[in-house]
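Quick notes on the structure that follows.
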Amino acid sequence: MLDAASPRAAAMTPATGSGLRRRIPGFLRPVLKKAYIFFIGLMDRWSGRDRMIPPRSMIFVGDGDFRLAGEVYKLHFIDLGGLRPGHRVLDVGCGIGRMAIPLTGYLSGDGRYEGFDAVREGIEWCQSRIASKHPNFRFRHVDVHNKRYNPAGKARARDVRFPFEDDGFDFVFLTSVFTHMLPADLERYLAETARVLKPGRRCLVTMFLLNEESKELIRAGGSSLDFKHEVSGCLTVDADDPEHAIAYDEGRVRALFASRGLRIVEPIRYGSWCRKDSPAPGLQDIIIASKSERGKR
Ligand SMILES: C[S@@+](CC[C@H](N)C(=O)[O-])C[C@H]1O[C@@H](n2cnc3c(N)ncnc32)[C@H](O)[C@@H]1O
């Protein structure tokens, strides 16, 4: 299964820290990483966050370091997405709380978190372990079909209306979700993201983007993911299980965002999935977009 932030990616210092990272001698970085993980572990035990982290056997959202991936993305949400403690936040496809857990220590009493997902077990875990202790966190199950994650789901993603009012959120994110969605479904979810976001506020989505560079790297065998099967105008690594990992043409994605009044905040942060040894801020490509003020496209 694919991860929004692989162990390697998670180990990388987030975008804003790249200057500092360059100043740290290479031999010290693994030591500092270990110290950081140890420190987070201590903090988790001290704050009770440990209870929120699911056992490995229950984790279905990727193989990387669960805790560290959430910590790294929390920094992206703040630095790139403009997240602030008092914000109202929506986590679409929230899985089993990987991104929610670090936010419990960041959002203030005025802040509010909403998450929904197609996998019932993930939502039940989050309700019993996170929402029970953090009343400003709410998780919902949406019984939507995804061949990989919820094959028996009744609703079609392309018909889903997010259960929230228009213009209600300061920040919306989808980490490692569009990488598992087919075009008609993705288009609907992007439209819904734009609908529920407040004008002027940002969303953060991760994707695998096909452009001249990534296509060349795939052709040359340098990519960790071999996107080679066409399905509905995008590429997947597995024709029998298309939602395993899906890549989209970057031009098409840019046009889609624009058509929904979502202005991409440049640059797109390209991930390390096809770029060996790149100082990328994560495995997947990160797109930040801002919702236009009403009426403006
Ligand atoms: C790789 S996991 C990532 C989970 C979470 N975003 C994270 O980063 O930890 C992909 C998630 O997308 C969810 N998902 C896929 N299609 C969905 C849909 N149409 N609606 C809601 N959730 C969906 C899956 O159930 C799964 O939890």
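Here, each number is a calculation from the coordinates, and none is a lab measurement. Please read all numbers here as calculations on a predicted model, not as lab measurements. Here the Cβ is made from the backbone with ideal geometry for all residues, glycine too, and neighbour counts use every protein chain on show.
Considering only Asp241, Asp91, Asp249, the Gaussian network model of the chain with Cα springs below 10 Å gives its largest mean-square fluctuation to Asp241. Listed cross-link partners Lys147/Lys215; Lys34/Lys133; Lys34/Lys291; Lys34/Lys147; Lys33/Lys133 are compared with a 31 Å cut-off, the Cα-Cα value being larger for Lys34/Lys291; Lys34/Lys147.
The charge dipole of the chain, taken about its Cα centre with unit charges on the Cβ atoms of Lys, Arg (+1), Asp and Glu (-1) only, comes to about 900 debye. Of Leu256, Leu204, Leu182, the residue with the greatest mean-square motion in the GNM of the chain, using alpha carbon springs below 10 Å, is Leu256. Distance from the C-alpha centroid of the stretch 57-76 to that of the stretch 229-297: 20 Å, rounded to the whole angstrom. In straight-distance terms, cross-link reach from Lys154 covers every one of the aspartates and glutamates whose alpha-carbon lies under 20 Å from its own, apart from those fewer than eight places away in the same chain; here that gives Asp117, Glu121, Glu124, Asp143, Asp185, Glu187, Glu192, Asp241, Glu243.
What Kirkwood hydrodynamic radius, in Å, does the chain give when the mean of 1/r is taken over all pairs of distinct Cα atoms and then inverted? Over the chain, the inverse of the mean reciprocal pair distance is 19.5 Å.
Which parts of the stretch 115-141 would a label at Ser232 reach, counting a residue when its backbone N lies under 17 Å from a point 7 Å out along Cα-to-Cβ? Answer for the stretch 115-141: 118.
The phi-based Karplus calculation (6.51 cos²θ - 1.76 cosθ + 1.60; θ = phi - 60°) puts the 3J(HN,Hα) values of the stretch 91-97 at 10, 7, x, 6, x, 10, x Hz, whole numbers, x for Gly and Pro.
Available extension along the chain between Ser292 and Arg23 is 93.1 nm, counting 0.36 nm per residue and deducting the alpha carbon span. The coefficient of translational diffusion for the stretch 27-66, derived via Stokes-Einstein from the alpha carbon Kirkwood radius under 25 °C and 0.890 mPa s, stands at 212 µm²/s.
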